[in-house]
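First the structure, in the form of structure tokens, and then the observations on it.
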Amino acid sequence: MNQFRAILTISLLMALNANPGAAHEGKISGYMFGDYYSVLSSDDDAGAKNRNAFEIRRIYFTYNRKIGDDFSIRFRLEAKGNKFGAGGSMVPFVKHAYLKWKEGLGSADFYFGLSGTPTFAAAEKAWKYRAIEKTMLDLNKIGSSADLGVALKGKAGKLGYHVMLGNGMGKAPERDNGKKIYASGSVQLSDGLQIELYGDFNMRRGGHDEITLKGVAGFISEGFHGGLEVFSCSNKKAATGGGDQTITGLSAFGALKLGESLKGFGRVDAKSNDKKAATDGGDEAATDGGDEKETHLLVIAGLDHQLAKNVHLMPNLYIKMPDGQDPNIQARLTFFYKF
């Protein structure tokens, strides 16, 4: 609680800058979402059947401010809700803390600090329902939404780009000599259709390098938004015994306007996790126990009722179907608001 009060006090002091002439340049914003959920079905080993709770899953508190003609800053706090049965309270942490130099390198904006990566951005823009669930890569912990480093982001006509060099540790401190390289390129094919190709290379110690490749097609119009996301992530020596691991996935999602303040949305994810045995023979290969493959499906369907401009109430059904287990089915009433 003391940590929360300290960070919040610093944020408010920044917002209420002692220079009255510059105070109007700062802007506070944020959002919060959570659910009332009830577990209708689950695998016996999970012990979650009949579990129900009110839960706040995420809170954002953001301060943006222009500090010069070409420079601006962002300071964002995030707090995550604890899972069922976990002790302690919600503790905020720094999500973003960066300096932006507008057109600092030609027509590209330059970012320094803890800023957003290009890993999830295009898919989140087309999905639009982060309050319901993370996008596929984010949900499966493939990459991070923010990293500490430097980045360039810009547009050239219908082409967009975002390149970044970071620690590769997300919000955590660096722990090795390697770095992570991110690159995305997008093209606006029509008023509503955008295609993005993305790749990253994470240099990990011990030869555990990671390579992720992804493609996203997103369509946004007045009555419909949705898209398709496909990815492959290769982790060297990540499997038990030193074999390689490859994770692939496909996500299809969309939302259709049903009325003035009502939309229906749905999503299906399919993920495969292939673990290869070590190929150098000996005890290492025997320990691995051969190749393994796991598949997981996720199905989401619901309604979005907009109570006010920035207030949403969204009943939805959330179904996870892992290999060899009974499906986990949850009925949720999700709330979301932003300010």
Residue that is farther than 15 Å from residue 137 by Cα, of a type outside the set (Phe, Trp, Tyr), under 18 Å from the mean Cα position of the chain (by Cα) and buried (at least 16 other Cβ atoms within 10 Å of the Cβ), where the choices are 249, 218, 243: 218
Can you pull out every residue in region 25-37 that is in a strand (DSSP E or B) and more than 16 Å from residue 132 (Cβ to Cβ)? 26, 27, 28, 29, 30
Search region 199-228 for residues that are in a strand (DSSP E or B) and pair each with any residue that is of a type in the set (S, T, N, Q) when their beta-carbon atoms are under 6 Å apart and the residues are at least 6 apart or on different chains. 200/212; 210/202; 210/235; 211/234; 213/232; 218/194
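Going through 99, 40 one at a time, which residue ends up being aliphatic (A, V, I, L, M) and in contact (Cβ under 8 Å) with a residue 40 or more places away in the chain?
On inspection, the qualifying residue turns out to be 40.
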Give the residue, chosen from 234, 190, that is surrounded by 14 or more Cβ atoms within 10 Å (Cβ to Cβ) and free of Cβ contacts under 8 Å to residues at least 40 places away in the same chain. 234
Can you tell me which of (1) under 17 Å from the mean Cα position of the chain (by Cα); (2) modelled with pLDDT under 95 is the one residue 78 doesn't meet? (2)
Residue set 199, 227, 192, 207; condition over 26 Å from residue 261 (Cβ atoms) and in contact with a Ser or Thr (Cβ under 9 Å, 6 or more places away or on another chain); output residue 199
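For region 174-198: of the residues being in a loop (DSSP other than H, G, I, E, B) and within 21 Å of the chain's Cα centre (by Cα), which is nearest to residue 122 (Cα to Cα)?
Quick first cut of region 174-198, residues in a loop (DSSP other than H, G, I, E, B) only: 174-179, 189-192.
In the following step, the residues that additionally are within 21 Å of the chain's Cα centre (by Cα) were identified as 174, 179.
Working: 174: 26, 179: 23 Å.
If we take residues in region 174-198 being in a loop (DSSP other than H, G, I, E, B) and within 21 Å of the chain's Cα centre (by Cα), then 179 is nearest to residue 122 (Cα to Cα).
The values are calculated or read from the model by the stated rules, or taken from the named source; none is laboratory data. Quantities reported herein were computed from a predicted structural model and do not represent experimental measurements. So basically every Cβ, Gly included, is an ideal-geometry build from the backbone, and we count neighbours across all protein chains shown.
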